[in-house]
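Just below is one structure, and these are the notes that go with it.
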Amino acid sequence: MAEIELRKLTIEFGAFKAVDDVSLTVKNGEFVVYLGPSGCGKTTTLRCIAGLTRATSGDVLFDGQRVNDLTASQRNIAMVFQFVSLYPHMTIRENIVFPLKARGVPSAEITRKLDWVTGIFKLGDELRRYPSALPPGARQKVALARALIRDPAVLLLDEPLSAIDEQFREEMRWELGHLQRQLGVTTIYVTHDQREAMSLADRIVLMNNGNIVQVSTPNDMFFEPVDIFAGQFIGSPSMNLIELAPVVGGLRLGTSNAVLTPQNHAVPEWAVASRRPLRLGIRPHNVHLVDSDIPGFDIPVDSVFGIGREKFFTFTIADTICQGVDQRSRPDGTSGKVRFDPAGLLFFDAETGRRVTGETVL
């Protein structure tokens with residue numbers, strides 16, 4: 001295991017800056033997930049940690065030692081990619097032990113390590129088979145077993161589940177998280193899938209345009225986003241974002257007649273008094289369609305629809321389509337009132353997109 005530190009890491013390809021002055025410490029044994037849209041710099045950062053891409057400036061340190069000039073093989077890392085690269089002419093056993101044979105590890109040690117890793121992954125029955133005979137999820141298990149049999153200090157995973165069918169992905173996600181906790185190996189995982197990030201990570205590193213937007217636990221990433229990008233990237237359905245207009249004693253939702261006040265929705269006084277233009281962020285599960293006799297806003301409802309056991313509804317404010325959860329006791333068409341959960345109100349600076357709280361200078 002190793003602690004990994006990035007110090008002012010910058011990676012440029014010509015005039016394009018893929019990673020821009022990034023600093024981060026991954027603790028010994030931690031499971032960190034890099035999350036973000038395509039092209040945000042997460043895979044480039046991973047490849048730099050692995051020694052496959054060279055930093056333009058800045059440093060990569062393993063346990064306090066600078067490794068910029070070390071090759072991938074000298075860094076004692078193991079890497080598993082999106083598409084499994086097993087040797088098709090070798091059995092599963094031969095694939096798994098190949099890294100040890102290439103390093104001249106004695107046969108007795110190879111047998112001991114093989115027994116250990118196949119026991120963890122429950123691959124004993126497949127050792128004599130060939131990769132083509134295994135389903136995608138099992139082939140990815142073999143790739144992970146081959147990576148871990150080397151006792152790497154760091155395990156690097158580049159979207160390892162994205163090429164697996166959905167029916168295997170949930171199972172593999174659980175097994176991967178269980179395995180990492182069991183072994184305690186320092187792990188950095190790259191994905192654009194928020195479900196993977198939220199279910200696996202000790203901490204999530206959210207990236208956009210080559211920069212780190214936020215580093216936090218999955219819970220804090222969901223409930224305490226630092227800006228609009230973080231708030232809308234995490235969560236499905238996405239967070240509603242509504243323009244606010246200051247009026248006497250409250251904040252109007254766009255151009256509607258609905259006004260949030262300290263009395264009806266516990267809006268903090270600092271938000272009402274803010275001199276900054278604000279936008280409201282609120283997740284669909286904090287917006288409710290309630291019975292007409294319950295206090296709420298008379299906002300026209302566009303549609304009501306079901307997803308599994310939940311029923312959602314949509315409404316429009318100033319050309320922005322918003323979603324919420326239908327909580328009426330007797331759903332009947334689109335009648336009812338819209339109620340916002342005061343605990344779910346988040347406020348953002350309309351100009352910078354940054355989260356605004358009572359501690360922020362207004």
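The values are calculated or read from the model by the stated rules, or taken from the named source; none is laboratory data. What you see is a predicted model, and the numbers here were worked out from it, not measured in a lab. In this analysis, Cβ positions are derived from the backbone assuming ideal geometry, glycine residues included, and neighbour counts consider all displayed protein chains. The accessibility values were calculated without ligands, DNA or RNA, using every heavy atom of the protein model including side chains. Shrake-Rupley method; radii C 1.70, N 1.55, O 1.52, S 1.80 Å.
For segment 151-167, a tally of residues being surrounded by fewer than 17 Cβ atoms within 10 Å (Cβ to Cβ) and over 19 Å from the mean Cα position of the chain (by Cα) returns 3.
For residue 229, the conditions (1) assigned to a strand (DSSP E or B); (2) closer than 22 Å to residue 17 by Cα all hold with the exception of (1).
Within segment 167-181, residues that are farther than 13 Å from residue 140 by Cβ reach partners that are open to solvent by less than 10 Å² (accessible area, probe 1.4 Å) with beta carbons closer than 6 Å, at six or more positions or on different chains, in the pairs 180/31; 180/187. Within segment 17-51, if we keep just the residues that are in contact with a helix residue (DSSP H, G or I) (Cβ under 6 Å, 6 or more places away or on another chain) and part of a loop (DSSP other than H, G, I, E, B), the residue that is least open to solvent (accessible area, probe 1.4 Å) turns out to be 36. If you go through segment 81-125 and pick out every residue that is open to solvent by less than 60 Å² (accessible area, probe 1.4 Å), under 18 Å from residue 182 (Cα atoms) and in a loop (DSSP other than H, G, I, E, B), you end up with 1.
Among the residues of segment 23-48, write down those that are of a type outside the set (S, T, N, Q) and within 16 Å of residue 66 (Cβ to Cβ). Break it down into steps so the answer makes sense when it comes.
Kept after step one, since they are of a type outside the set (S, T, N, Q), are these residues of segment 23-48: 24, 26-27, 29-37, 39-42, 46-48.
Those that are of a type outside the set (S, T, N, Q) and within 16 Å of residue 66 (Cβ to Cβ): 24, 26, 48.
Comparison of 298, 293 shows that the only residue that is open to solvent by 40 Å² or more (accessible area, probe 1.4 Å), touching a Lys or Arg at 6+ places or on another chain (Cβ under 8 Å) and charged (D, E, K, R) is 298.
In segment 200-213, the condition of being closer than 20 Å to residue 358 by Cα and open to solvent by less than 20 Å² (accessible area, probe 1.4 Å) is met by no residue. Taking the listed residues 347, 312, 305, the one that is farther than 18 Å from residue 258 by Cα, part of a strand (DSSP E or B) and open to solvent by less than 40 Å² (accessible area, probe 1.4 Å) is 312, with no other qualifying. For segment 255-264, a residue qualifies if it is surrounded by fewer than 18 Cβ atoms within 10 Å (Cβ to Cβ) and in contact (Cβ under 8 Å) with a residue 60 or more places away in the chain, and exactly one does: 255. Just so you know, in segment 90-128 the residues that are over 15 Å from residue 151 (Cα atoms) and among the basic types (Lys, Arg) include one that is farthest from the chain's Cα centre (by Cα), and it is 128. Candidates in segment 225-238 are the residues that are more than 11 Å from the chain's Cα centre (by Cα) and under 21 Å from residue 26 (Cα atoms); of these, the one that is most open to solvent (accessible area, probe 1.4 Å) is 226. Out of curiosity, is residue 77 open to solvent by less than 10 Å² (accessible area, probe 1.4 Å) and touching a residue at least 12 places away in the same chain (Cβ under 8 Å)? In short, no.
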